[in-house]
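S.K.: Just dropping this structure here.
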Amino acid sequence: RGDGRGDGRGDGRSSEGRGGEGRSDGRGEGRGDGRGDVRGDIRNNGHGAIVAVGNVGTDFVTCSNNEVGGNELAETTKHLLAHDIQSALKVLVKLSKQENAKAVRNNPMMKEVLSQLYGQLYADNISIWPRELADLALAMGELQLHDPVAVEVLKRVAELAERQVDLFTPGDIAVIVRGFASLGMRTESLMSVIAAEVVRKIDGFDQRQLSNTAWAFAKSGLWNEHLVRAIAAGCLSKISTFTAQSLSQISWAMAQWRTRKDDLMNAIVCELQRKTSEFAPAPLAMIAWSFASLQLKSPPLMTAISAEAGLKIADFKTQDLAHLAWAFANLKVQDQALFNLVAERFQQDIKAALPPELANTAWAFSKNNFSHEPLMNSIADEAIVQIRSLKPLEVATLAWAFAVARLQHRQLMVEIGGQVAKRIEKFQPPQLSHIAWAFGALSLKHQEFMTSLSAHVQRGIGSFKAEVLSGIAWAFAMVRFRDEVLLRRMATDIARDVADLRPLALARCAWAYRLLLGRSPELMMALVVESVKKIDSLPTKTVVNLVDSLYANPPVPMQSSLLEKALAARIEQVSSFFKEAWSVGNQPSINLEQYTSQLSAFGVVDCGIVGTPVLLGQLGIEIPNCSFLQECRMQRRMRGTGLPLPQQQQLLLLQQQQIDFQQGNGGGRAEQFAEPNRDLTLGRLDITIRDKPLQDWVIIRAGAVSPVVAGSSEKAGKWLLAVDLPGRKGHQEPTCQVLSETCSQIFALGIDAASCSNCSSVQGSIQLLSTVVPCLSTVGVLWQFKTRFPSVSLTFVEQILQTGLLGFEHTGDRGN
């Protein structure tokens, strides 16, 4: 499963990786990034099977100084020529412990040493003790010797060790397995028999030997249940003796094995709490990473780690910071103070950050919804510098993180698009889907990337699952990239495997194809049928979006009535809530906190272009007459545009043409004007208050708070409750402002706001038109007004311009 710095998990729109293992042997820090996927043969030795579960990659450190270790290598060669292999090994082990020892592999004399070792190890009269075999494997692991002769030497070491494994002490076992694991060599035969010896001799292992042995087997991607159970039991019995480093290593091993030994993990939590001050940044971060990888959320553990990390944050390296942030985000632990410290420290050393660390950290901040734009911009700038070094998984993770954070760092996305287009064959289908999603979510159209992706999908469409194809179609729709040939080919595959689509994908796929192709009967039929099957598991928001997509002109004549009934049933829960909270002629039975909580619990901001008329109908709020719509056009022209007269006349002509067109094609609840993207509400008041007529127009545009409402916002909050839903403005929504201003005028004429009978005496009508779909809070305000003034006829129509949901203009409802 790899031991490098991992890339974390995304949430349906993210990528997955694995984190590093911290200090592998107590003296050095593993930095590999392998992600093996080869499953080896099962080898049975009577004590349990060792199963190979992944290849491990190893980073190489090069050095141009060929004189490093020259004296030691010369001495080693001298001993080997004298056939004194024991003395030669002592020198080699001593050399492996020196600083910059890995650079010795570039010394030409090393080839001579390996050649001599090879010859003597294959001699018929070879005599070598288990400890010497273990020391040789460890020395070669520490020196990172990978050339062909070194590989042959290690193969011979494995053969000799396997013959006398019963003579190995726990210390010998821990050393030899660590040596092989450090080199990433998969010696399943040797490791199988050693595993049996570990089980047999487990009582003789101390804390260091236990943690090193566990680390080695995990790093090699090898395990069996007997081995893991024995190591876990051995660790648990000696847990009080474990150092911070040993606790870190055993935690990492359990995470790599994906084994949750709860008693052991609980003991690790207790030991960390007891020894927190002994932990250096790397093992502290690695324990957090390990628990997060196993999805073991321990509040006491994370609290202790957070507190200690805050004290030692200056000593954290970028790798440690990435592991720490990833762990907290993966466990959904919200710790703003810690993340602020991580952001500040990471920016200080960002030039030292490697690609996985950049990707992990960006992912963690986005996943935890911590918006830290300076950090994200720093990550973007450094990622651009290292863009050619980023692996496909890291590219996908970065793109996802910036899209979730809603940060349009155009230069980074341009670089990502260009790099992916050039190396697209190296990317897996899910990674391409995530990257395409990011461009779509950010509304950034990268023509080169989209063209390359389109061609790539057409060449290998068989390797793309329906979920991935659906995501790509959605991304194309978001940036209006249309490849009709590919879309029709994808539609066939998606329809065939539609059962694999998650609920959100069903709605997004319907929307994308409705926008890009207009119609795809086979696919739409499949989406409807599958939606009906999954209707009980579909969130209300998904039902709303799906029905809106399917019912746009022209409608889909299928089993859609079942979807319509399901939507109506969901919406009836909302209307019932409003009716219960505000019954006609009575004071409200709910406070603002309760109201806010319940609106949020519905899981939708609005009921969509189809569901909103259903909700309004259930509340008895009808549609205004046609003459009101005509007057709205005039009032909007005169009071809503603020344009000079010549431009007003041009606008009026365009609007009249649009109205004439709609009247000739059947009107309905939704009407359209030619002027796009204007959020405003128009209201015509025709009411009588104590025999005093109030006839007026109230027109309020979003962002232009009326003086009356601005001066009595506190009172407006008492008269009509409104909630700030995501993306909406609560009391500042134009419709809410119109009704609040109307209340102000009514009460200014002597009506007692606290008297239900006084309010019931107000008579007449109020007709409203809004240019956007009203949110639940706004519909609630409409209902509150209706119940407060039951003798006033309240009608409402929502005019839909271009909506982010449908991508086209809605021109009528399905009832007509």
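S.K.: Separation between the GLU622 and ALA748 pseudo-spin-labels, each 7 Å from Cα along Cα→Cβ, expressed in nm?
M.R.: 3.0 nm
S.K.: Note down the Stokes-Einstein diffusion coefficient of region 301-384 in µm²/s, whole number, using a Kirkwood radius over alpha carbon pairs, 10 °C, and 1.306 mPa s.
M.R.: Translational D for this selection: 128 µm²/s.
S.K.: From the C-alpha coordinates alone, can you work out the Kirkwood hydrodynamic radius of region 366-492, in Å?
M.R.: 14.6 Å
S.K.: Let me ask another. For region 137-270, how many pairs of lysine residues have a Cα-Cα distance under 19 Å, where the two are 8 or more positions apart or belong to different chains?
M.R.: Counting lysine pairs in region 137-270 gives 4.
S.K.: Compute the distance in nm between two label points, each set 7 Å from the Cα along the Cα-to-Cβ direction, one at SER576 and one at TYR122.
M.R.: Inter-label distance under the simple model: 8.2 nm.
S.K.: Quick one: Karplus J couplings for region 123-131, per residue in order, coefficients 6.51, -1.76, 1.60, θ = phi - 60°, nearest Hz, x for Gly and Pro?
M.R.: Residue by residue, region 123-131 yields 5, 5, 9, 4, 9, 8, 7, x, 4 Hz.
S.K.: To two decimal places, what compactness ratio does region 432-521 give when its Cα radius of gyration is scaled by 2.2 N^0.38 Å?
M.R.: 0.95
S.K.: Report the normalised scattering of region 157-295 as log10 I(q)/I(0) at q = 0.13, 0.17, 0.18 Å⁻¹, calculated by the Debye formula with identical scatterers on the alpha carbons.
M.R.: -0.51, -0.85, -0.95
S.K.: Now, a different point. What is the Rg over Rh value, at two decimals, for region 713-784, using alpha-carbon atoms and the Kirkwood definition of Rh?
M.R.: 0.97
S.K.: Right, next: What does the extension gain come out to for ASP147 and GLN447, with contour length at 0.36 nm per residue minus their alpha carbon separation?
M.R.: Result: 103.5 nm gained on full extension.
S.K.: Let me ask you something else. Obtain the radius of gyration and the Kirkwood radius of region 460-588 from its C-alpha atoms and give Rg over Rh.
M.R.: On the Cα set of region 460-588, Rg over Rh gives 1.10.
S.K.: Pick out, from VAL574, LEU619, VAL532, the residue whose Cα sits farthest towards the positive end of the charge dipole of region 506-625, with +1 on the Cβ of Lys and Arg and -1 on the Cβ of Asp and Glu.
M.R.: VAL532
S.K.: Along its principal axes, what span do the Cα atoms of region 557-631 show, with the longest given first and each in whole Å?
M.R.: 42, 37, 19
S.K.: At 1.4 Å probe size, what's the solvent-accessible area of GLU564? Round to the nearest 10 Å².
M.R.: Its heavy atoms expose roughly 80 Å² to the probe.
S.K.: Something else: Solvent-accessible area of LYS565, probe 1.4 Å, all protein chains present, reported in Å² to the nearest ten, please.
M.R.: 140 Å²
S.K.: With r as the distance between the Cβ atoms of ILE461 and GLN334 and R0 = 60 Å, compute the FRET efficiency 1/(1 + (r/R0)^6) and round to 0.05.
M.R.: E(calc), rounded to 0.05, equals 0.90.
S.K.: How much accessible area per residue does region 276-356 have, in Å², with a 1.4 Å probe?
M.R.: Using a 1.4 Å probe on heavy atoms only, each residue of region 276-356 averages 36 Å².
S.K.: In debye, nearest 20: dipole of region 426-575 around its Cα centre with unit charges on the Cβ of K, R (+) and D, E (-)?
M.R.: Here region 426-575 has a charge dipole of around 220 debye.
S.K.: Along the charge dipole of region 166-241, Cβ charges K/R +1 and D/E -1, which of SER192, PHE217, GLY204 sits furthest on the positive end?
M.R.: PHE217
S.K.: For region 86-129, what number results from the quotient of the Cα radius of gyration and 2.2 N^0.38 Å?
M.R.: 1.28
S.K.: Now, a different point. Once the Cβ-Cβ distance between GLN295 and GLU484 is put in as r, and R0 is 51 Å, what FRET efficiency do you end up with, to the nearest 0.05?
M.R.: After rounding, the FRET efficiency stands at 0.70.
S.K.: Can you run the Rg to Rh ratio on region 344-423? Use alpha carbon positions and the Kirkwood inverse-distance Rh.
M.R.: Radius of gyration relative to Kirkwood radius: 0.92.
S.K.: Hey, any idea what % of region 160-260's accessible area is carbon plus sulfur with a 1.4 Å probe?
M.R.: Carbon-and-sulfur percentage of accessible area, whole number: 52.
S.K.: Same structure again: Order of 352-361, 748-757, 339-348 by packing, highest average Cβ count within 10 Å first?
M.R.: Per-residue Cβ counts within 10 Å, averaged per peptide and sorted highest first, yield 352-361, 339-348, 748-757.
S.K.: Based on C-alpha coordinates, I'd like the Rg and Dmax of region 122-201, in Å.
M.R.: Taking only Cα atoms of region 122-201, I get Rg and Dmax of 11.7, 35 Å.
S.K.: Let me spell out the model: positive unit charges on the Cβ of Lys and Arg, negative unit charges on the Cβ of Asp and Glu, origin at the Cα centre of region 70-163. What dipole size does that give, in debye rounded to 20?
M.R.: Here region 70-163 has a charge dipole of around 120 debye.
S.K.: If you don't mind, another one. Could you order LEU694, LEU682 so the one with the most accessible surface comes first? Probe is 1.4 Å.
M.R.: LEU694, LEU682
S.K.: Along the principal axes of its C-alpha atoms, what lengths does region 379-452 span, in descending order and rounded to whole Å?
M.R.: Principal-axis extents of the Cα atoms in region 379-452, largest first: 27, 24, 19 Å.
S.K.: With a 10 Å radius around each residue's Cβ, average the other Cβ atoms per peptide and rank 279-290, 368-379, highest first.
M.R.: 279-290, 368-379
S.K.: Rounding to the nearest 20 debye, state how big the charge dipole of region 381-485 is about its Cα centre with +1 on each Lys and Arg Cβ and -1 on each Asp and Glu Cβ.
M.R.: Computed charge dipole of region 381-485: roughly 80 debye.
S.K.: Let me ask you something else. I'd like the distance separating the alpha-carbon centroids of region 767-795 and region 271-318, in whole Å.
M.R.: Here the answer is 53 Å between Cα centres.
S.K.: Next question. Which whole-angstrom value gives the distance between the alpha carbon centres of region 72-141 and region 485-523?
M.R.: Comparing the Cα centres of region 72-141 and region 485-523, I get a distance of 64 Å.
The values are calculated or read from the model by the stated rules, or taken from the named source; none is laboratory data. These numbers come from a predicted model, not from an experiment. Don't worry about glycine lacking a Cβ; one is built from the backbone with ideal geometry, like all the others, and counts go over all protein chains shown. Only protein heavy atoms, including side chains, enter the accessible area calculation; ligands, DNA and RNA are left aside. Shrake-Rupley method; radii C 1.70, N 1.55, O 1.52, S 1.80 Å.
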